[in-house]
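Enquirer: Have a look at this one before I ask anything.
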Amino acid sequence: MIRKENRMQEFTDLELKLKSVKYRKMLLKYIKQAKAGHTGGSLSCTDILNVLYNDVLNVSPENFSDKNRDRYIQSKGHSVEALYAVLADRGFYPESDLETMCQYQSKYVGHPTRKVNGIEFNTGALGHGLPISAGIALAGKKDKAAYKVFTLVGDGELAEGSNYEAAMMAAHYKLDNLVAILDHNALQITGPNREVCSPYPIDEKWKAFGWHVISIDGNSISELRETLNNIPAEVGKPTFIIANTVKGKGVSYMENEKKWHHGVPSDDEYERAIQELSTEEEELTKQLVTD
Amino acid sequence: MTLKALNMGRANLEEFSATLIELGEKSKNILAVTSDSRGSGKLGPFAEKLPEQIVEVGIAEQNLVGVSAGLASADKSVFAVSPACFLATRSLEQIKNDVAYSNQPVTLVGISAGVSYGALGTTHHSLHDVAALRAINNIQVVVPADNFETREVIIAAAKSEKPIFLKFGKKAMPTLPRVKNEFEIGKASTICEGSDVAFIACGETVAPSYEAAQLLEKEGISAEVISMHTINPLDKQAVIDAAKKCKVIVTVEEHSIYGGLGEACASVLMQEQIVKPFKIVGIPDEDTVTGSQGDIFKHYGITAEGLKETTLKLLE
Ligand SMILES: Cc1ncc(C[n+]2csc(CCOP(=O)(O)OP(=O)(O)O)c2C)c(N)n1
Ligand SMILES: [Mg+2]
């Protein structure tokens with residue numbers, strides 16, 4: 001595994017697993033409070049954001065205006081609650097700020113905006129993240145800068161043609177500093193991607209476009225660390241990571257259920273979710289002590 | 001005249017989906033085309049009853065409009081349904097060339113329009129759609145105020161041989177009174193008559209305009225309320241008549257104050273040399289405040305109280 005000097009802290013897999021549980025609890029709390037949010041997709045990408053911000057990106061509140069920082073562009077902007085939780089934990093703003101999420105005059109809106117410290121672009125209209133990221137990656141090449149650009153794309157989002165326009169261009173310019181991570185939870189709003197308007201085969205498409213394609217368990221901290229810290233995966237090619245995830249991950253009754261795309265838990269459901277996550281947290285903490 | 005209290009109807013969105021099922025059951029030629037938007041478009045029941053009449057293209061709004069234009073050219077009666085923010089922005093070039101300039105009678109249905117998506121933020125707001133589409137030749141732009149106008153415009157759209165863009169929100173709307181119970185695309189609908197202030201409004205801002213008229217009536221001020229549901233082609237005569245009859249004019253819209261209904265009315269009046277106190281109420285050119293649709297309306301004075309204040313200032 002490639003180690004980075006500029007990483008803030010080094011965590012064990014177990015510590016990062018604990019962080020994921022914490023983030024899931026946080027995002028559920030604020031979704032519940034705001035009575036709005038994209039629950040399922042936030043839970044599916046929590047582990048990805050956790051590994052990016054705690055193990056991969058050289059991004060911190062201190063260096064956020066540094067030209068050489070890595071970039072993260074969340075193309076599937078609707079899962080902003082996961083991003084809000086992670087950025088709060090990384091010190092971009094106090095967690096208490098999130099109490100205002102989606103309320104009158106709050107800057108914590110239901111999609112990413114640059115009003116919030118730590119967020120690079122206003123996203124939420126799907127199909128924008130990859131072209132933007134390709135632009136940043138191209139600038140990096142021109143400047144011979146060392147930074148990398150990561151973007152998170154939804155599998156339903158793959159229907160937007162702009163993705164393929166950027167895919168072609170990124171391969172043409174050999175943007176091996178560019179990584180697209182697909183949150184492959186196999187669901188979109190209407191139902192399974194395969195039934196709505198099938199994006200498959202995904203791997204062959206991106207290979208044909210000239211990308212290096214890797215398929216991993218997108219809810220596995222160790223696989224994410226291994227893969228995301230080894231960029232470029234192939235010199236001269238952009239990397240496409242198919243992160244196989246579970247929509248609603250971590251809350252049994254939300255997992256793989258389309259209604260939790262933007263479902264908001266009732267009081268009862270919320271209690272059950274927190275209980276499940278707390279049990280997981282206790283087990284992980286026990287392991288941490290015995291390790 | 002005493003203005004009537006309003007009865008609550010359902011959301012225009014629900015009126016739309018119920019009407020589309022009726023039309024679809026009568027004619028197999030009616031197609032709903034969606035971009036992962038059947039849930040937001042309340043088209044679940046349509047899809048269940050008429051599975052052969054729904055076409056899903058995935059999250060791809062440009063494709064949605066291009067495909068719809070193709071279907072329409074092969075004589076299908078097409079309703080392309082997607083959130084207004086994406087439909088009128090992402091697909092603007094398809095709307096311009098494939099639908100409007102190629103004269104394909106597609107009905108573009110912009111759901112959750114204006115600031116209906118509230119705190120989801122500006123990516124999801126559609127405050128520029130009327131401005132963009134008014135500058136394109138050969139597309140009718142209709143913003144129905146209540147369930148009556150929604151139902152009527154859907155029925156008219158199914159018969160229309162011209163492209164049409166319409167948009168509405170998802171909040172329950174009161175049923176408005178009308179001087180004449182008629183609907184025609186391109187003909188303003190007078191909600192109530194008055195002589196001091198004319199409110200020229202469209203869509204979900206007609207109801208607060210009517211409520212403002214009620215508040216003003218208590219102060220002895222007589223308000224005319226016009227539902228200008230069709231912004232293109234604009235009923236110019238209705239604008240002129242209202243302006244001649246009243247001392248001041250207030251336009252109201254859930255849209256940027258630039259390029260929408262207000263500026264369309266101002267243009268008519270200026271060119272007719274009718275100069276009267278005039279105010280465009282809408283969303284100003286700034287980073288739109290976060291909040292629900294109700295919060296946003298209140299913040300920018302699109303409420304009975306706000307419109308009353310605006311009127312009193314203009315009358316001073
Ligand atoms: C251009 C655009 N069209 C439509 C939407 C509405 N929308 C928000 S999320 C979503 C489904 C996304 O599905 P997917 O990409 O699979 O995301 P995930 O499952 O990770 O939540 C849709 C259609 C949007 N935000 N942007
Ligand atoms: Mg998905």
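Enquirer: For a test of the definition: using alpha carbon positions, the gyration tensor, and the 1.5 limit on a/c, classify the protein assembly as shown as rounded, prolate or oblate.
Expert: prolate
Enquirer: Now for a separate question. Work through the residues other than A:ILE221 whose Cβ is under 11 Å from its Cβ and net out their charges, Lys, Arg +1 and Asp, Glu -1.
Expert: Once all neighbours under 11 Å are counted, the net charge is -4.
Enquirer: Further, regarding this structure: Which one of B:MET173, B:MET228, B:MET270 has the biggest mean-square fluctuation once chain B is modelled by GNM with Cα springs under 10 Å?
Expert: The residue that fluctuates most here is B:MET270.
Enquirer: Continuing with this model, one more query. Work out the length of the dipole vector of chain A about its Cα centre, built from +1 on the beta-carbon of each Lys and Arg and -1 on the beta-carbon of each Asp and Glu, and round it to the nearest 20 debye.
Expert: In debye, rounded to 20, chain A gives about 980.
Enquirer: Could you tell me which residue out of B:GLY291, B:ALA223, B:GLY203 lies farthest along the dipole of region B:178-315 toward its positive end? Charges go on the beta carbon: Lys and Arg +1, Asp and Glu -1, centred on the Cα centre.
Expert: It is B:ALA223, whose Cα lies furthest towards the positive end.
Enquirer: On to the next question. Cα centroids of region A:247-291 and region A:174-215: how far apart, whole angstrom?
Expert: 27 Å
Enquirer: Using a Förster distance of 56 Å, how high is the FRET efficiency between A:ALA208 and B:GLU219, based on the Cβ-Cβ distance and rounded to 0.05?
Expert: My answer for the efficiency is 0.20.
Enquirer: On to the next question. Divide, for region B:199-247, the radius of gyration over alpha carbons by 2.2 N^0.38 Å, where N is the residue count.
Expert: My calculation over the Cα atoms of region B:199-247 gives 1.18.
Enquirer: I would also like to ask the following. Using the Cα centre of chain B as origin and beta-carbon charges of +1 (Lys, Arg) and -1 (Asp, Glu), tell me which of B:ALA100, B:GLY259, B:THR19 is placed farthest towards the positive end of the dipole.
Expert: B:THR19
Enquirer: Tell me, what HN-Hα J-couplings in whole Hz come from the Karplus equation 6.51 cos²θ - 1.76 cosθ + 1.60 at θ = phi - 60° for each residue of region A:266-271, using x for Gly and Pro?
Expert: 6, 4, 4, 4, 4, 4
Enquirer: Along Cα→Cβ, 7 Å out, is where each label goes; now give me the distance between the ones at B:ASP75 and A:SER252 in nm to one decimal.
Expert: A separation of 5.8 nm, rounded to one decimal place.
Enquirer: How large is ³J(HN,Hα) for each residue in region A:133-149, as worked out from phi by the Karplus curve 6.51 cos²θ - 1.76 cosθ + 1.60 (θ = phi - 60°), to whole Hz, x for Gly and Pro?
Expert: Values per residue, Gly and Pro as x: 5, 4, x, 5, 5, 5, 4, x, 5, 4, 8, 6, 7, 8, 5, 10, 10 Hz.
Enquirer: Quick query: amide H of A:SER106 versus all other amide H atoms, modeled in the peptide plane; which residues come in under 5 Å with a sequence gap of 5 or more or a different chain?
Expert: Counting only residues 5 or more places away or on other chains, the set is B:THR290.
Enquirer: In addition: For B:PHE278, list long-range residues whose amide hydrogen, built 1.01 Å from N in the peptide plane, is under 5 Å from its own amide hydrogen.
Expert: Amide H to amide H, under 5 Å and 5 or more residues apart or across chains, B:PHE278 pairs with B:ILE249.
Enquirer: Between beta-carbons, use under 13 Å as the cut-off and find the net charge around B:LYS28, counting Lys and Arg +1, Asp and Glu -1.
Expert: Net local charge, B:LYS28 excluded: 0.
Enquirer: On to the next question. Please compute the length gained on full extension between A:SER96 and A:SER266, using 0.36 nm multiplied by the number of residues separating them and subtracting their Cα-Cα distance.
Expert: Full extension of this stretch gives 59.0 nm more.
Enquirer: Given axes a ≥ b ≥ c from the Cα gyration tensor, I'd like to know whether region B:178-315 is rounded (a/c under 1.5), prolate (a/b larger than b/c) or oblate.
Expert: The shape class here is rounded.
Enquirer: Classify region B:91-201: rounded, prolate or oblate, from the alpha-carbon gyration tensor (a ≥ b ≥ c, eigenvalue square roots; a/c under 1.5 rounded; otherwise prolate if a/b is larger than b/c)?
Expert: Oblate.
Enquirer: Tell me, what HN-Hα J-couplings in whole Hz come from the Karplus equation 6.51 cos²θ - 1.76 cosθ + 1.60 at θ = phi - 60° for each residue of region B:114-126, using x for Gly and Pro?
Expert: For region B:114-126, the Karplus-derived couplings read x, 10, 4, 7, x, 6, 5, x, 5, 4, 9, 8, 10 Hz, x marking Gly and Pro.
Enquirer: How large is the convex hull of the Cα atoms of region A:38-260 per residue, expressed in Å³ as a whole number?
Expert: 113 Å³
Enquirer: Would you look at the GNM of chain A, springs on alpha carbons closer than 10 Å, and say which of A:ASP47, A:ASP66, A:ASP97 moves the most?
Expert: Residue with maximal mean-square fluctuation among A:ASP47, A:ASP66, A:ASP97: A:ASP66.
Enquirer: Charges on Cβ only, +1 for Lys and Arg, -1 for Asp and Glu, centred on the Cα centroid of region A:38-260; of A:ALA171, A:PRO201, A:LEU98, which one is farthest towards the dipole's positive end?
Expert: Highest projection toward the positive end goes to A:ALA171.
Each value in this text was obtained by applying a stated rule to the coordinates, not by laboratory testing. In this text, all values refer to a predicted model and were calculated from it rather than measured experimentally. FYI the Cβ positions are ideal-geometry reconstructions off the backbone, even for glycines, and counts take in every protein chain you see.
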